[in-house]
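To start, the structure under review is shown below, and the notes come after it.
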Amino acid sequence: MKTPDCDRFYIGGEWVAPAGASSAVPIIDPASEAQIGTVTLGSIADVDRAVAAARAAFPAFSATDPGERAALLRRIAELLDERAEDIAQAITREMGCAIGFSRAAQVPFGIAHVRAAIEVLDRFDFLRRQGTTAIAREPIGVCTLITPWNWPLYQMTAKVAPALATGCTMVLKPSELSPLSAQIFAQVLDDAGVPAGVFNMVMGAGPDVGAALSRHADVDMVSITGSTRAGVEVAMAAAPTVKRVTQELGGKSPNILLDDADFANVVAPGVASAMRNAGQSCSAPTRMLVPRDRLAEVEALAVAAAEAMTVGDPADENTLMGPLANRPQFDKVQAMIEMGIAEGARVVCGGTGRPDGLTRGFYARATIFSGVSMDMRIASEEIFGPVLCLVPYRDEEDAIRIANDTCYGLGAHVQSADLDRARRVARQIRAGQVHINLPAWDAHAAFGGYKQSGNGREYGVFGFEEYLETKAMLGYFPS
């Protein structure tokens, strides 16, 4: 596919050139390390122009009928369906996701967020009676939406769809490391007829454009998905203007294999969940907690699952795992694998360097450490690569303790033949989302973290309500 033009921003319903001094950075194909284009980075002048457009559009758009907004979202969903293959190809080119996974997960799950927003909007009560009092839910205003490179469309729609549904206007700052899918997404919204100024997009680096958007006095809310470090910086920038900040940040999610689980059927899916998207998912279950006396059994099953993964050209439909998305991420993953070895964890699969036969590209080996303890950095720090830690535990109580022994609390998994037991354990895990016995993905399930994994929730009605203010009007109804 032809690389989209990434030298303009979408502001006020038009594709415009940068307003002030700008710079350009290369777009690198992570499979070949070749430059495939450039992306222009914006400045404070571009931020001011985009926020002004969103502010000017807010009075009219916030007053639109919910049915009108639902119709707009339906057009967006239809156009995303039509452009699904283009978006999948763009994601594969810009961040190395295997094309099969782009088609099966990255794109359809992203579109599902739009459909979920429509479903919530169709049944949401924006004015509710409480005796003589009316409880009104009103759009919060102008929103800054900051999205990462690892799930590009998925994260953009998780924010843009509920913002549009509730009547907010917005400025999207996608990652400059995944600009191709963002360009297509913005074009879809333009083609769908989003009113001028309602949706705006400015490319730029976090410390520049992201910070300027976060502290802007005319922005009412910031929603960020990114690292915990980035979330802290956004919150600090937003604090002086007392705007709402929602954060979906890092994770180090546990996958507890209780001793009655069917290991032959749960270990391989657990490995796949940890390694999907080359391990570049904030909620990836990268700590597999296993009974100490069955560690060798789990090692054998996990190694077999990892070695069955085809690593290679992400454009090849037979590839299960492509390269890491960029050079800094590749270097970090390699450093963390070296750290694990230095800490004394046993490498039972993978290790440092590229997989055999691959001499170029940001490819990492699917790596499994065993005998990992929670005082090791590989057990406590988010690696964001295809690295799984097998952590032994003594009993159920010890497993729960280990699962909660983290500064994060984004996701968790529990496997057990006894559903009541799995439910009991799930209730004791301090995380925002717990998967019991390999459930199907749910676009309406609240997603967000405890502790340093963030504040607020996304998906379904929970993400929808983040974009609303609550107004109580006493005496609104007759007694």
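None of the figures in this text is laboratory data; all of them are computed from the coordinates on show. This structure is a prediction, so every number in the text was calculated from the model and none was measured. With ideal geometry, Cβ positions are generated from the backbone for all residues, glycine too; neighbour counts draw on all protein chains shown.
A few notes on this one:
- Extension gain, Ala315 to Val232, is 26.3 nm, computed as 0.36 nm per intervening residue step minus the present C-alpha separation.
- Scanning the chain for trypsin sites (Lys or Arg not before Pro) lying in DSSP loops with no more than 13 further Cβ atoms inside 10 Å, the longest uninterrupted stretch between such sites is 3-359.
- For the stretch 212-271 versus the stretch 172-191, the spacing of their alpha-carbon centroids is 21 Å.
- Longest DSSP-loop-exposure-free segment, GluC sites (Glu not before Pro), the chain, at most 16 other Cβ within 10 Å: 34-316
- Amide H partners (placed H, <5 Å) of Val39, local residues excluded: Val25, Ile27
- Per-pair calculated FRET efficiency, R0 = 35 Å: Gln187 and Arg377 via Cβ, rounded to 0.05: 0.25
- Summary value for the chain: 19 percent relative contact order, contacts being C-alpha pairs under 8 angstrom separated by 6+ residues.
- The fraction of Cα-Cα pairs per 5 angstrom bin, counted from 0 for the stretch 4-131, comes to 2, 9, 12, 13, 15, 18, 15, 9, 4, 2, 1, 0, 0 percent, rounded to whole percents.
- Only beta bridges with both residues in the stretch 254-442 are counted; by DSSP, about 15 percent of them are antiparallel.
- Looking at the chain, the DSSP beta bridges with both ends there are about 40 percent antiparallel.
- Karplus-derived 3J(HN,Hα), 6.51/-1.76/1.60, for each residue of the stretch 284-296, Hz, glycine and proline x: 4, x, 8, 10, 9, 8, 10, x, 4, 7, 10, 4, 4
- Take the Cα of Ala335, step 7 Å toward its Cβ, do the same at Ala300, and the gap between the two points is 3.8 nm.
- Our summary of shape: the Cα atoms of the chain have principal axis extents of 66, 61, 40 Å, ordered from largest down, in whole angstrom.
- Maximal additional length on extending the Phe126-Ala217 stretch stands at 30.1 nm, based on 0.36 nm per residue less the C-alpha distance.
- Simple label model, 7 Å out from Cα along Cβ direction - Leu438 to Asp262, nm: 0.8 nm
- Oblate is the label for the stretch 171-216, because the ratio a/c of its alpha-carbon gyration tensor axes (a ≥ b ≥ c) is 1.5 or higher and a/b is not greater than b/c.
- Whole-Hz Karplus values for the stretch 407-424 come out as 7, 9, x, 8, x, 6, 10, 9, 10, 7, 6, 10, 4, 4, 5, 4, 4, 4 Hz, taken residue by residue from phi with 6.51 cos²θ - 1.76 cosθ + 1.60 and θ = phi - 60°; glycine and proline positions read x.
- Whole-Å distance, taken between Cα centres, linking the stretch 397-444 and the stretch 134-170: 28 Å
- Remark on the stretch 353-413: ratio of C-alpha radius of gyration to 2.2 N^0.38 Å is 1.38.
- Residue-span extension gain [Thr470 to Asp420] - 0.36 nm each, minus C-alpha spacing: 14.2 nm
- At an R0 of 35 angstrom, the distance between the Cβ atoms of Ala104 and Asp405 translates into a FRET efficiency of 0.55.
- Distance cut-off 29 Å, percentage of C-alpha pairs in the stretch 318-476 lying past it: 35 percent
- Taking amide H positions as modeled 1.01 Å from N, with prolines and chain starts lacking one, the residues under 5 Å from Arg346 and 5 or more places away or on another chain are Ser370.
- Asn255 long-range amide H proximity, modeled H, under 5 Å: Arg287, Met288, Leu289, His413
- Rounded if a/c under 1.5, otherwise prolate or oblate - the stretch 140-264, Cα gyration tensor axes: prolate
- For the stretch 23-95: rounded, prolate or oblate by the Cα gyration tensor [a/c cutoff 1.5]: oblate
- Note, ³J(HN,Hα) from phi for the stretch 179-196, Karplus 6.51, -1.76, 1.60, rounded to Hz, x at Gly and Pro: x, 5, 5, 5, 5, 5, 4, 5, 5, 4, 5, 5, 5, 6, x, 4, x, 3
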